Amino acid sequence: MRWNELVRAALNRSSPSPSPGATGGGEKQKVHPVRDGAGGLQSRDFRCVVSKQMVGILLTVWVRGDLRRFVRRPSVSCVGCGVMGCLGNKGAVSVRFWLRDTSFCFVCCHLASGGREGDEAHRNADAAEILRRTSFPRRHCSSSSPSLATPHKILDHE
């Protein structure tokens, strides 16, 4: 929760600007506007789509407030590859969602380190295991969005 509070504060940060008519260093918070696709201005406002932690891995996805209503079907998958092939000290957290008509999948992983003989093969095997074991729930398409076939595996996303 604390990390999300810090991220929210950083993304939605306003920079100080002098107050109108102020003398002697008075400051007022000003929200910086962002240009939208139509050339209009919008206030900077980011919202958390999803946030998931597995031991020392944190994956948090944020979107501009004006796009949040276009985010559909967020889902999370966690795969542990640590001790005995299952503990979460090594592995991945994956998040998928649709933004308008495009599927997105973000993967945050923590793989074993090392430069000794066999360490690279171990990391590659863990990465392959993450790709194999990560799966998202299958959902039936609704009549309102039949074109949004829900991707099931990481590599099924755009």
query: Given the Cα-Cα distance of Phe106 and Trp3 and 0.36 nm per residue of separation, how much length would full extension add, in nm?
result: 35.3 nm
task: In nm, give the distance between the simple-model label positions of Asp119 and Ala149, each being 7 Å from the Cα along the Cα-to-Cβ direction.
output: 4.2
query: the stretch 47-156: percent of C-alpha pairs farther apart than 16 Å?
result: 62
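Values in this text are rule-based calculations from the coordinates and carry no lab data. Quick caveat: nothing in here was measured; it's all calculated off a predicted structure. Quick reminder, even Gly has a Cβ in these numbers, built from the backbone with ideal geometry, and neighbours come from all protein chains shown.
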